[in-house]
Structure formats: C-alpha cells, structure tokens
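**Student:** Attaching a single structure in structure tokens format; questions to follow.
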Amino acid sequence: RSLVVSLFFKAFLAISRKLCDAGIIPQDSLSQEECSGADTFHTPVLCSAQLFERVSSEQNTCDPIGRPKIHSSALKQATGEAIYTDDIPRMDGEAYLSLVLSTKARAKIIKLDASKALDLPGVHAFFSHTDLTKHENEVGPVFHDEHVFADGEVHCVGQIVGAIVADNKALAQRAARLVEVEYKELSPVIVTIEQAIAHNSYFPDSPCYITKGNVEEAFAVADHVYEGGCRMGGQEHFYLETHAAVAMPRDSDELELFCSTQHPSEVQKLVSHVTGLPSHRIVCRAKRLGGGFGGKESRGMLVALPVALAAYRLRRPIRCMLDRDEDMIITGTRHPFLFKYKIGFTKEGLITACDIECYTNAGWSMDLSFSVLDRAMLHFENCYRIPNVRVGGWICRTNLASNTAFRGFGGPQGMFAGEHIIRDVARIVGRDVLDVMRLNFYKPGDITHYHQQLDRFPIERCLQDCLEQSRYEEKRAQTAKFNSENRWRKRGIAVVPTKYGIAFGVLHLNQGGALINIYADGSVLLSHGGVEIGQGLNIKMIQCASRALGIPIELIHISETSTDKVPNTSATAASVGSDINGMAVLDACEKLNKRLAPIKKDLPNGTWQEWINKAYFDRISLSATGFYAIPEIGYHPEKNPNARTYSYYTNGVGVSVVEIDCLTGDHQVLSTDIVMDVGSSINPAIDIGQIEGAF
C-alpha cells in the first residue's frame, strides 16, 4: 500500500514538473528539492580501470607467472563451444531421471504410489527409500543425517521423495507429477531463527564458545557498554548451470559419472556407499562447471546419487539436469545469521570487550553448517583488535532446504557483525567511523581471539590506497550536498575493510594432488585435484607447470578433473584451490626436473622436445605425481597449541557510493573502488575477475 501511494506521488511529481516546464502552472509550484523525486534510474555508461603489480623487467619473457593470461576456455565459453555436463551427447539406451519432491515442510508420508506413473508407456522405473537399506539411504557430507530418498518423514519442501526414470525429460517430468504422495502434516513447522530459538530447536553441540580474556571484568570498567544486534538473510547461488549428472555402467561392476560438482571425490565416496561398489570401481569426472560458488560443494549428491543408483540398477546410461525452479527448491542458500552482541568501549571509541551470540539457520540437516558457523565466529571481529571476547554459536534446525557453502563460507556474515559493531561505537562516541576503524585496527604482531598471531597486516595501506583512489573525501562532500538538495533521493558512501583467513577449517582437507604425464612429442598432460568452476584455476595450474618445467604454456593441457587421475581430493573451495593444487603441481615438476637433469647436462643446447625424446629412449619415467599439505596449521588449544588456524590472510577495502529512491526503494550503485592485497598474483587478469565477480 505504501509503495502504491509512493508511485502515485512519483507520477504527481513527474506531471507537475512537466506542467511547470510548459508554463501551465507557476515555476515555484514545485520546490527544487522535490523535483528529483520524479526521476527514475537509468543504467549509466560504465567505465572501469584495473591496476595490478607488473612483473619485474628481469623476469624471463617466457615465464607466465604474474602476467595476465586468458582463461583456458574463455574463447570456447564465449562462442558456446565449451562442453558442460548436459552437453555430453546422448548415448544408446540412455534414459532420463526426474525427481519427485516433497510439497510439505514437515509431514509423515502416509502413502507413496507410483503405479499411475509406471503405467505410462516409456516409463521404466520408480526408485524410493524401499530400494535401499536404511544404511545405504543415509548420506551426507559429514554427519550422514540426510537421505537419498525421504524415509517415512519429510523435513522441508523440496526434499527428494523418489525418482522416475523414463525415455526422455518431458515424459519423466510428467510421470513424476503422477506419483501420488499422501501426507500427515506435523507441527511445529520452524522456518526462522527466532522460531528455532523459541522452540529450542538446535543441532547437537550448540552452543559452542570461543573465549579470550575476561569480558565481565572489561565491561565493569568500560566507559560505555552497549547492546545491539544485526541480521543477514540468505542468498541464492544462481550459478548459470544447474545441478547435473550423467552416469553410465561400465561392465557389470563399474560406474562412470560426469557430474557438475566442486567435490568429485565426495560424490565417488557417496556413490560407493549407496551402490555398495568399492571406490576403485567408480570414476567421477568434471571437465568444467558453469559456476558453483559453494552450492556444488556438497549438494551435488542430491542429483548424482539417484542418477548413479538408477544407472547401476537398470544397467543403462542415466541423465538428469535440474530445471531452475527445481534447483532452487531442492538446494539451500547462504546461511542466514542473527547476531546479538554486548560491547564495552572507551570514550575515544577503543573497543575493550565483546560478548556476541551467533545464531545460524542451518535448514533441516547439518550439511556443512558447523564449519560455516565456526568461520563466522572466527571472523566476527573482522579487522579490529578486541582484547576480551566471548563468542557463542548456535546452529538452528529448521524446516528449510539444508543451507550450504556459499562464497565466503560464514566469513561475510561474521564480518557483517563486526562492521555493525564499529559503526555503533562511532555513533555513540560521536566520532567519524574512519577514525574509530583506525583506532581499533589490528597491528602486526597482534593476536586474534583464536590465538593466531598476525605476522603482517597491511589493512592501513589498503585503506589509505582505497581512500585516495576513490577520492573519498570529495565524494563524501558531494554526497552531503546531494542529500541537502534532494528530498526524495538520497546518497550514501560506505567504507568496508576485510580480513579473510585462508585454509579449510577441517585440518585433513588442506591437501592437494597432481599428476603430470609428458608424452614423447614433448606435450604435457596435467591433472590436478581442483575443479575448473569458471574461476580460472586451470590456467593458473598451467602457469605453475610452465614456470617449473621451463616450457611455454602452449605445450601444457588440462583435460578434466577425474578421481582416477588424482585420488582423495579435497573440494575446490575455501580459496585454497590454487594454493594446494599449485604446490602439488610444483612437487610433480621437481621430480621430473630431477630425472631430466642429467640429460639437460649432456645436451645443454638441446630443445625441450629433444630432451624428452632422449629421456624416452633412455627409459626414464616421464610421469610423476605431486602432493602438498599446508604446513603448521590445525590449531587446537590442547592437542596442537603451536599451530595456526589459517595459513595466511587476504585483506581488502571497498568504498561504494549508492543512491536510493526513497519513494520506491529502487537503488543504484554509482561507484565502487576496491583495493585487495592477495600477495603477488599468479595471474592478475584472473584474480581481478574473481574480485570483481565476488563484489
């Protein structure tokens, strides 16, 4: 109703302005500050600039490290020639699988009848929990608290109840709609964090705490004590390629899967669990993904497991690619968070204590929620030193699709709370937010609330560079002037610094592998444990191998990620893909260089091809595996007190100017400046693309 009134008023302003311009009504009928309320937003002409570190003039011109190199499959993607999972040509005897989904948020399944669907010509099978043992049906990335098919009870809308296999997609989807499911609804249905708190609906191990210093003593002597809170909603991943899988039986006891997943080894492990085949008889392959953002780290199993089961049982190729609406119903989002905090600080704005409660909406199953909450708790202070801290975390169980990994993995939610806190402090002490930020910034040598020392912390430099680059003071003055002259349109300017820890929160995942095969013609086939999701990982790995072997990038090719090339891989996630896999590539290259060293010594003026040819005839192995584990991490207060939680940190600062239409809520980002310190970039073109894409 408010919006409708606002739109009528906007029309009134627009008409009045035209009448003024035409001289039909007096010019002073409409004040100048009211006039702009009639305007609507138009996409401005975009202009941008990217600045990055140049390589040393002494660096070999053939060495690609630090140079902006094009994404390995950029041209194929631009022309539409890049092959994704569902682009794999149809095979003889292939059938299509469609999922039967729950329509209730919480209910008992009273009846499940697929007879009408199975009566349709061309429908071959229906799978449900009755086709698996209780043990086989229980799956999940960590806790095995989910089901391939709902077993007696559904816990959210979109939970998979069964799967229909038919000749084609249209028929399979039509048949899936004919499956009769009768429910007896249960209560309470819990959707929000507040409802979960009211019903005490938490997963085990909630709450968990991290403490440093003594918050109660610090509150007692603080000049100011303030209690506040903030919340952050979910977010859809909206990758361009929805979840997809193609499975085909090889012989009577082998399965091959092509899957749109960030974690092929996890899919392999869960398919082994569901089918009863050992992992060495299952190959999971991923050539490239059409985006993931964390949404394909663990959720790939929702499509891959029914598809693999059907292919194994029916002895024929099976395919499934979700429609957009199915994908959004079945999969979760970024974790919504609610923060409640109590802060103590001096009259100058120096924060001395913080007691904060972090509640996250996990959805109906654990998935990766514990790790997401953990990272949020470790990032809540963002760039600010707080000597006395108590952080509590609660994982709320609700009747929503299980929320999952999403770019930043709890980090952005935690930092969001930190930025609220710093603004509350600035408002209460009456100081500029920038001054309060600078007063509270970590300095090199400071120790975080999880006992990690910050060896270097360049946030001051990032901030200063960003303020200068963005002409912050000039824009702030322009913003104040604009706001004083316009009643219905307002502008705001914001500065946000960030600190992000690089490493998986679970110690054993911080490892990577690689396999390098050199062929007799000198060409190199490189395989590594990471997945090309569109982020440019493959070109970075090629650059690493190019420098290590001393050959042009044109001689190196990456075909795909496959569990039969590099086993037991970690998910491509947590911003460590290029770190762990790149180091594994270097390890493999070092082994090959050692084998080739005597030949290079004998033929100092030889070419790469001549050296490889000689090695082949001298019966020297031209294949090597590489491995890397991030050292000195895995902090635990009792078991490993000297280790770090994170390998290192990346820092950045962003300055944005935004204009909002107060009548409609419509808004536009007018300008953004970002300064990131990610060390020396392997490939500035790719890293800038990642930073801009992330923003």
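The values are calculated or read from the model by the stated rules, or taken from the named source; none is laboratory data. All figures in this text were calculated on a predicted structure; none of them were measured in a lab. So basically every Cβ, Gly included, is an ideal-geometry build from the backbone, and we count neighbours across all protein chains shown. Ligands, DNA and RNA are stripped out before the accessible areas are found, and what is left, the full protein with its side chains, is counted by its heavy atoms. Shrake-Rupley method; radii C 1.70, N 1.55, O 1.52, S 1.80 Å.
**Student:** Equivalent ellipsoid semi-axes for the chain, as square roots of 5 times the alpha carbon gyration tensor eigenvalues: give them largest first, rounded to whole Å.
**Tutor:** 44, 37, 28
**Student:** Give the cross-link partners of Lys111 among the lysines, using a straight C-alpha distance below 26 Å as the criterion and excluding same-chain residues fewer than 8 apart.
**Tutor:** Lys134, Lys169, Lys184
**Student:** Specify whether the C-alpha gyration tensor of the stretch 38-88 places it in the rounded, prolate or oblate class, a ≥ b ≥ c being the square roots of the eigenvalues: rounded for a/c under 1.5, otherwise prolate if a/b is larger than b/c and oblate if not.
**Tutor:** The shape class here is oblate.
**Student:** Then there is this: Distance cut-off 31 Å, Cα to Cα: go down the list Lys269/Lys340; Lys18/Lys490; Lys296/Lys490; Lys69/Lys269 and report the pairs above it.
**Tutor:** Distance filter (> 31 Å) returns Lys269/Lys340; Lys296/Lys490; Lys69/Lys269.
**Student:** Now for a different question. Given H placed 1.01 Å from N in the peptide plane, which residues other than close sequence neighbours of Val139 have an amide H under 5 Å from its amide H?
**Tutor:** Glu146, His147, Val148
**Student:** From the gyration tensor of the Cα coordinates in the stretch 502-556, what semi-axes in whole Å does the equivalent ellipsoid have, largest first, with each one equal to sqrt(5λ)?
**Tutor:** Semi-axes (√(5λ), whole Å): 25, 12, 10.
**Student:** Helices from the chain with mean Kyte-Doolittle at least -0.5 and a Cα length along the axis of 30 Å or more, per DSSP H: which?
**Tutor:** TM-like helix candidates: 577-602.
**Student:** Label Ile447 and Phe143 with points 7 Å out from Cα along Cα→Cβ: what is the distance between them in nm?
**Tutor:** Rounded to a tenth, the inter-label distance reads 3.2 nm.
**Student:** Check the straight Cα-Cα distances from Lys76 and name the lysines below 17 Å, setting aside those fewer than 8 residues away within the same chain.
**Tutor:** Within reach: Lys287.
**Student:** On a full-extension model of 0.36 nm per residue, what is the gain between Leu670 and Asp618, subtracting their alpha-carbon distance, rounded to one decimal in nm?
**Tutor:** Length gained, Leu670 through Asp618: 12.3 nm.
**Student:** Please give the Cα centre distance for the stretch 383-397 versus the stretch 1-70, rounded to the nearest Å.
**Tutor:** 38 Å
**Student:** Just to confirm the filter: which GluC sites (Glu not before Pro) across the stretch 336-408 are DSSP coil and have at most 10 other Cβ within 10 angstrom of their Cβ?
**Tutor:** none
**Student:** Take the Cα atoms of the stretch 92-151, build their convex hull, and give its volume per residue in Å³.
**Tutor:** It comes to 131 Å³ per residue, whole-number rounded.
**Student:** Another question about this same structure. Compute, for the chain, the length of the dipole vector about the Cα centre, with Cβ point charges of +1 (Lys, Arg) and -1 (Asp, Glu) only. Units Debye, rounded to 20.
**Tutor:** 200 debye
**Student:** Just from its helices, what would the mean residue ellipticity at 222 nm be for the chain, if runs of 4 or more DSSP H residues each count -39500 (n - 2.57) and the sum is divided by every residue, rounded to the nearest 500 deg cm²/dmol?
**Tutor:** -9500 deg cm²/dmol
**Student:** Each residue of the stretch 78-94 in order: what ³J(HN,Hα) in whole Hz does its phi give by Karplus 6.51 cos²θ - 1.76 cosθ + 1.60, θ = phi - 60°, with x for Gly and Pro?
**Tutor:** 5, 9, x, 8, 5, 8, 9, 3, 7, 7, 4, x, 5, 10, 4, x, 5
**Student:** Could you please state, rounded to a whole Å, how far the C-alpha centre of the stretch 109-153 is from the C-alpha centre of the stretch 595-643?
**Tutor:** 48 Å
**Student:** Taking the Cα centre of each part, how many Å lie between the stretch 272-340 and the stretch 574-593?
**Tutor:** 27 Å
**Student:** In nanometres, what is the gap between the two model label sites at Ile197 and Gln478, each 7 Å from Cα along Cα-to-Cβ?
**Tutor:** 4.1 nm
**Student:** Further, regarding this structure: For the stretch 6-140, just say rounded, prolate or oblate: build the C-alpha gyration tensor, square-root its eigenvalues into a ≥ b ≥ c, call rounded for a/c under 1.5, and beyond that prolate if a/b exceeds b/c, oblate if not.
**Tutor:** It comes out oblate by the Cα gyration axes.
**Student:** Okay, moving on. Describe numerically, in nm with one decimal, the distance between label points set 7 Å from Cα along Cα→Cβ at Tyr519 and at Ile25.
**Tutor:** Distance between label points: 7.7 nm.
**Student:** Looking at the square roots a ≥ b ≥ c of the eigenvalues of the Cα gyration tensor of the stretch 606-695, which shape do they give, rounded for a/c under 1.5, prolate if a/b is larger than b/c, or oblate?
**Tutor:** Oblate, since a/c reaches 1.5 and b/c is not below a/b.
**Student:** To continue, here is another question. Give me the percent of accessible area attributable to carbon and sulfur for the stretch 178-287, probe 1.4 angstrom.
**Tutor:** 49 percent
**Student:** Per residue, how much accessible surface does the stretch 511-629 expose to a 1.4 Å probe? Answer in Å², no decimals.
**Tutor:** Computed with neighbouring chains in place, this is 42 Å² per residue.
**Student:** Here is a further query. If R0 is 35 Å, what FRET efficiency do you get for Asp677 and Asp432 from their C-beta distance, rounded to 0.05?
**Tutor:** After rounding to 0.05, the efficiency reads 0.90.
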